[in-house]
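Report on the structure given below.
Laboratory data are not the source of any read-out in this text; all were calculated from the coordinates shown. Here the structure is a predicted model, which means the values were calculated and not measured. Positions of Cβ are generated from backbone atoms using ideal geometry, with glycine treated the same way; all protein chains shown enter the neighbour counts.
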Amino acid sequence: MRAMVLSKVGEPLTLQTLPDPLPGDGELRLRVEACGVCRTDLHVVDGELPDIVTPLIPGHECVGLVEALGPGVSELKLGQRVGVPWLGGTCHRCEYCREGRENLCDAPAFTGYTRPGGFASHIVARADYCIALPDDADPVASAPLLCAGLIGWRCLVKTGQARRLGLYGFGAAAHIVTQIACRQQRRVYAFTRSGDIAAQAFARSLGAVWAGSSDELPPEPLDAAILFAPAGELVPQALRVVKKGGRVVCGGIHMSDIPSFPYRWLWEEREVVSVANLTRADAHDFFAARECKDIRTTTHIYSLAQANRALDDLRAGRFSGAAVLAP
């Protein structure tokens, strides 16, 4: 198999030829058709997440065809198209797993972080954490749904019945959430990097009623806001634009430190909450929801060998939507 490998944190990935992986008990091997490039991949290769063990193959928005089944796998079949998301396994024993909150498992496995990921021609994954996809699903269009879509959905659920919704950081997740929120008859307000006219126009084209820079105030108070940008200074800013009783949801796995701010910005029962990882139930609910059907993902395709370029373009904000590797 071919794979883009992180040999040392902070250094570019290298294209390597490796032995084809063999699936163990409860696992399967996929021939990768597409793998999205997520901001979490940046956090991995840049060493912003803890306990990174190299060599490592990043990538956790993976779509592929089942090529081999390990012992004990019966729920999926050869040739079937499936998705491999961020959550790659849990312990089933800790209090969180027992309570149905497997996203908070004490001993989890994560695709492209603690397990080999999808920046490769092949991947081995635990079958019970894979997501069956329709046979006619477009692999490239589907790949961003497996993290940007699922995390975006979990964040959106956290906002409850908020009708006026702010989105900070208009990347892959926000461009999916905007479409879902508009179908739910919510009003979306998009906050982008200062002066990013292209991103603001992109947000409006997807249904946002307003788009501006993250340091601007929207034309009316918001019921809730979701932060996809990993910038801690946006938390106080978002608190200032939500009304009394409003909620700010932090959707990233990594964020810079949140600066101090006056208590009055939090007072009147405003809340700041975080979203951690995802559950298999999130995937089931997302793909079953009527408003999530036929979501149009805007994708920019790179070859496997161009993974470093895709990561650099994502870091610099050179495209709207999502980057996808197509091995």
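One table, with the values for the structure above:
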read-out: Karplus-derived 3J(HN,Hα), 6.51/-1.76/1.60, for each residue of region 51-56, Hz, glycine and proline x; value: 6, 7, 10, 9, x, 9
read-out: Protection-proxy order for peptides 149-157, 8-16, 178-186, each taking the mean of Cβ atoms within 10 Å per residue, highest first; value: 149-157, 178-186, 8-16
read-out: Backbone N within region 56-85 under 14 Å of label point (7 Å from residue 25 Cα along the Cβ vector); value: 70-73
read-out: Trypsin sites (Lys or Arg not before Pro) lying in DSSP loop within region 260-327, provided at most 15 other Cβ fall within 10 Å; value: 293, 296, 318
read-out: Derived scalar couplings ³J(HN,Hα) [region 195-212; Karplus, 6.51 cos²θ - 1.76 cosθ + 1.60; whole Hz; x for Gly, Pro]; value: x, 7, 5, 5, 5, 5, 5, 4, 4, 5, 5, 8, x, 4, 7, 8, 8, x
read-out: Separation of the residue 257 and residue 17 label points, Cα + 7 Å toward Cβ, nm; value: 4.9
read-out: Amide hydrogen neighbours beyond the local backbone of residue 68, cut-off 5 Å, H modeled; value: 29
read-out: Karplus (6.51, -1.76, 1.60) ³J(HN,Hα), θ = phi - 60°, over region 235-247, in Hz, Gly and Pro reported as x; value: 5, x, 4, 5, 4, 6, 9, 8, 7, 3, x, x, 10
read-out: FRET efficiency, residue 197 to residue 7 (Cβ-Cβ, R0 41 Å, nearest 0.05); value: 0.60
read-out: Simple Cβ-charge dipole of the chain, Lys/Arg +1 and Asp/Glu -1, about Cα centre, in debye nearest 20; value: 780
read-out: Separation in nanometres of the label points that stand 7 Å from Cα toward Cβ, at residue 264 and residue 220; value: 2.5
read-out: Packing-based order for 62-72, 167-177, 116-126, 48-58, using average beta carbon neighbours within 10 Å, highest first; value: 167-177, 116-126, 62-72, 48-58
read-out: Placed amide H near residue 253: partners under 5 Å, 5+ positions off or other chain; value: none
read-out: Cβ charges +1 (Lys, Arg) and -1 (Asp, Glu), total dipole of region 150-274, debye; value: 460
read-out: DSSP-defined antiparallel bridges as percent of all bridges, the chain, nearest 5; value: 55
read-out: Whichever aspartates and glutamates have a C-alpha closer than 17 Å to that of residue 77, once near sequence neighbours (fewer than 8 apart) are set aside; value: 25, 27, 33, 67, 128, 135, 136
read-out: Span from the region 14-48 Cα centroid across to the region 121-181 one, whole angstrom; value: 19
read-out: Charge dipole (the chain, unit charges on Cβ, about Cα centre) - positive-most of 10, 143, 306; value: 143
read-out: Region 246-262-region 206-244 distance, computed between alpha-carbon centres (Å); value: 12
read-out: Spin-label zone in region 9-47 - amide nitrogen under 13 Å from a point set 7 Å from the Cα of residue 65 along the C-beta vector; value: 30-34
read-out: Amide hydrogen neighbours beyond the local backbone of residue 163, cut-off 5 Å, H modeled; value: 223
read-out: Separation in nanometres of the label points that stand 7 Å from Cα toward Cβ, at residue 233 and residue 284; value: 4.4
read-out: Positive dipole terminus of the chain, leading residue within 181, 28, 43 (C-beta point charges); value: 181
